[in-house]
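Just below is one structure, and these are the notes that go with it.
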Amino acid sequence: MSDRDDKLVKAICQSLEQSVDDLDRVTATRLQRARQQAIASRHGQRNRWWIWGGVPLSGLTALLAFLLWSTAPELPSAVLDASDLSILSSAESLEFYQEEIEFYEWLSEVMEDEKDLSDQYRPVPGAADSQRFVGATSRAAAGGGRIAEQRVARISGFI
Amino acid sequence: MQTFVIQRQFLGERFSALPELNAQSLEGFLKSIERQAYRIALFGSGREEDAHDLVQESMLRFVTHYAKKPQQERKALFYRILHNQIKDLHRKRTLRERCFGWLTAEEPAEDPLHSLADQNEPGAEYALQLSGTFAELERALKQISFRQQQAFLLRAWEGLSVAETALVMKCSQGSVKTHYARALEYLRNKLGGHWP
């Protein structure tokens, strides 16, 4: 670039510098306001991050907790059935019941049926002998019940 | 909730660890450049209100995206934002004129500060002299193309290098040199004889 161009460029730059130094107060004030607003907006961005960054994080945490809670497996009831109690209180080991549990369930049903039949023994109808037969009936029912109990005890002992 | 509190404490410490000097230097940078930026925006837009909007928007974007950049990169980055804002303004104006050119443009509301008398304005004679010299320069700069104008102002006045100016204008360094040479040639022909 020639000396003439250098001088021209310097003169232009000086004129431009003078123009910005002599800016009117209104324009200078507006520029100052714009600068302060820009700096202030940066602080506002930081605060907004705290708020808007935490909201989705909290929501995600709550959703995760809800999903975990809703899909948790149900614990078995602590209340035991009567059959469970008899098994647990029995002197036999648990493996004993696991292997032949179906057979014993059938057997207990059979014994219950026999006991019911013994309890339901009906006397031969007759007015004169009704008293005698009442006692006989009760004795027979008791005997039938004893027979069923003996059978149960025998089978339990055999087993 | 506890996780959020912990993260907030961690990030709060992290942000509070930023030196106060950084915030001061950022404001200092903007203060050192705002008047020149306004003048360049005024050359590019041709209207004072648009120039104020351009500078304000550029400052906001700079603070948002480039506040943590090194000191030596800030000037080029700021002018790149300003350059893009001016180009967007030109596009909007072109589109508006094509679509709504038949409508009368509404005058923007006047800032109440404009109506206040400035007690510190220079004397009328000095203002006339200054306005005459600068007005002639202003007219000349407005007659060249936007790219030639930007290349000349950024290189000659703001002192940006060819590479930095190419970054601002998003063109090659050769293009920057071409635009600058053409701008200087026009100004030499327009002002060289009798100016200032």
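What follows draws every value from the coordinates through simple rules; no lab data is involved. What you are looking at is a predicted structure, and each value in this text was computed from that prediction instead of being measured. Using ideal geometry, Cβ is built from the backbone for each residue, glycine included, and neighbour counts are taken over all protein chains shown.
Computed values, structure above
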quantity: Shielding by partners, peptide B:40-46 (average Cβ within 10 angstrom, other chains); calculated: 1
quantity: 10 Å Cβ neighbours from other chains, averaged over peptide B:136-142; calculated: 2
quantity: Across B:LYS142/B:LYS190; B:LYS87/B:LYS190; B:LYS75/B:LYS142; B:LYS31/B:LYS87, pairs whose alpha-carbon gap is larger than 18 Å; calculated: B:LYS87/B:LYS190; B:LYS75/B:LYS142; B:LYS31/B:LYS87
quantity: Shielding by partners, peptide A:18-24 (average Cβ within 10 angstrom, other chains); calculated: 6
quantity: Distance between modelled label sites at B:GLN173 and A:LEU64, nm, 7 Å Cα→Cβ extension; calculated: 5.1
quantity: Burial order of peptide ranges B:48-59, B:132-143 (average beta-carbon count within 10 Å, highest first); calculated: B:48-59, B:132-143
